[in-house]
Amino acid sequence: MWSKAAMILCASMLAVAASAASPTGADGGSVVAVADGALIRYRGWLLALDGAQAGTAADVRLLSASGVQAARVVMGKLKRDLPVWAAVELAKDGTRLRITSLPGLGASRPAALLLDFGAGEYRIVIPANSLARHEHGLLAQHYPGADLALLLQDSKRVMLPLGTPTPQVFGQEQAAPYLFSKMKR
């Protein structure tokens with residue numbers, strides 16, 4: 001039987017290997033939940049969320065909002081706070097990325113980040129705080145057009161595909177990356 005430390009080490013090694021690999025297909029992307037955040041790849045972009053470490057340098061580092069501290073976007077030496085309703089638009093190799101800070105689900109909750117890749121091709125919402133299971137159904141209503149949510153659960157990020165009749169949460173045990181592709185709208 002594997003010890004918990006050995007399983008965590010294997011999952012970390014798989015996450016680093018997955019972060020170095022390209023997603024399948026030119027129109028696709030991937031998300032890998034790692035112990036300290038998540039790594040997101042889409043058409044040449046590599047984003048590291050919170051404390052996630054990639055095998056190569058991330059194009060963008062995202063730091064979730066915390067209490068009164070706004071979410072932060074870091075690109076090289078550029079550091080920018082994103083208060084609610086603020087956005088930053090970036091482009092790399094012809095692929096646009098818009099990062100918007102949106103109000104959290106509750107009035108007193110910290111802001112969430114919405115990543116909008118391409119011309120509305122794929123959208124990922126990242127709430128800054130944990131949500132109760134009954135609140136999962138509110139995500140698609142509160143963040144219309146979001147395709148995937150990266151939820152904070154027990155201090156780890158888990159993936160929740162939105163807009164499916166029976167959503168399934170993929171957690172830390174999901175060693176393989178979650179693959180996604182451009183959505184037709």
Count of residues meeting criterion [under 20 Å from Lys156 (Cβ atoms) and crowded, with 23+ Cβ neighbours inside 10 Å] in region 42-61: 3
Those residues of region 68-120 which are of a type in the set (D, E, K, R), out of contact with any Asp or Glu (no Cβ under 8 Å at 6 or more places or on another chain) and over 25 Å from Gln141 (Cα atoms), in sequence order: Lys77, Lys79, Arg80, Asp81, Asp93
Enumeration of residues in region 66-114 that are farther than 23 Å from Gly44 by Cα, open to solvent by 30 Å² or more (accessible area, probe 1.4 Å) and not acidic (Asp, Glu): Ser66, Gly67, Val68, Gln69, Pro83, Val84, Trp85, Pro103, Leu105, Ala107, Ser108, Arg109
Residue among Ala87, Ala111, Ala119 that alone is under 20 Å from Leu152 (Cβ atoms) and in contact (Cβ under 8 Å) with a residue 12 or more places away in the chain: Ala111
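Residues are listed down the side, and each one gets a yes or a no for (1) assigned to a loop (DSSP other than H, G, I, E, B); (2) within 18 Å of Ser181 (Cβ to Cβ):
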{"residue": "Ile40", "(1), (2)": "no, yes"}
{"residue": "Ala57", "(1), (2)": "yes, no"}
{"residue": "Val73", "(1), (2)": "no, no"}
{"residue": "Glu89", "(1), (2)": "no, no"}
{"residue": "Gly104", "(1), (2)": "yes, no"}
{"residue": "Ile124", "(1), (2)": "no, yes"}
Index of the failed condition, Ala33 passing every other in (1) under 21 Å from Leu148 (Cβ atoms); (2) assigned to a strand (DSSP E or B); (3) modelled with pLDDT of 90 or more: (3)
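Table: residues versus (1) modelled with pLDDT of 90 or more; (2) open to solvent by less than 40 Å² (accessible area, probe 1.4 Å); (3) in contact with a Gly (Cβ under 7 Å, 6 or more places away or on another chain); (4) outside any strand (DSSP E or B).
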site: Asp116; (1), (2), (3), (4): yes, yes, no, no
site: Gly137; (1), (2), (3), (4): no, no, no, yes
site: Arg157; (1), (2), (3), (4): no, yes, yes, no
site: Leu160; (1), (2), (3), (4): no, yes, no, no
site: Thr164; (1), (2), (3), (4): no, no, no, yes
site: Gln168; (1), (2), (3), (4): no, no, no, yes
Answer residue from region 12-30, given it is modelled with pLDDT under 50 and surrounded by 14 or more Cβ atoms within 10 Å (Cβ to Cβ) and is nearest to Arg96 (Cα to Cα) among those: Pro23
Cβ pairs under 7 Å, 6+ apart, first in region 131-148 and closer than 17 Å to Phe180 by Cα, second part of a helix (DSSP H, G or I) and open to solvent by 30 Å² or more (accessible area, probe 1.4 Å): Ala146/Ala140
Residues of region 59-71 satisfying the condition of being touching a residue at least 60 places away in the same chain (Cβ under 8 Å), among the hydrophobic types (A, V, I, L, M, F, W, C) and not in a strand (DSSP E or B): Ala65
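The values are calculated or read from the model by the stated rules, or taken from the named source; none is laboratory data. Please read all numbers here as calculations on a predicted model, not as lab measurements. In this analysis, Cβ positions are derived from the backbone assuming ideal geometry, glycine residues included, and neighbour counts consider all displayed protein chains. Protein only, heavy atoms only, side chains kept; ligands, DNA and RNA dropped before computing areas. Shrake-Rupley method; radii C 1.70, N 1.55, O 1.52, S 1.80 Å.
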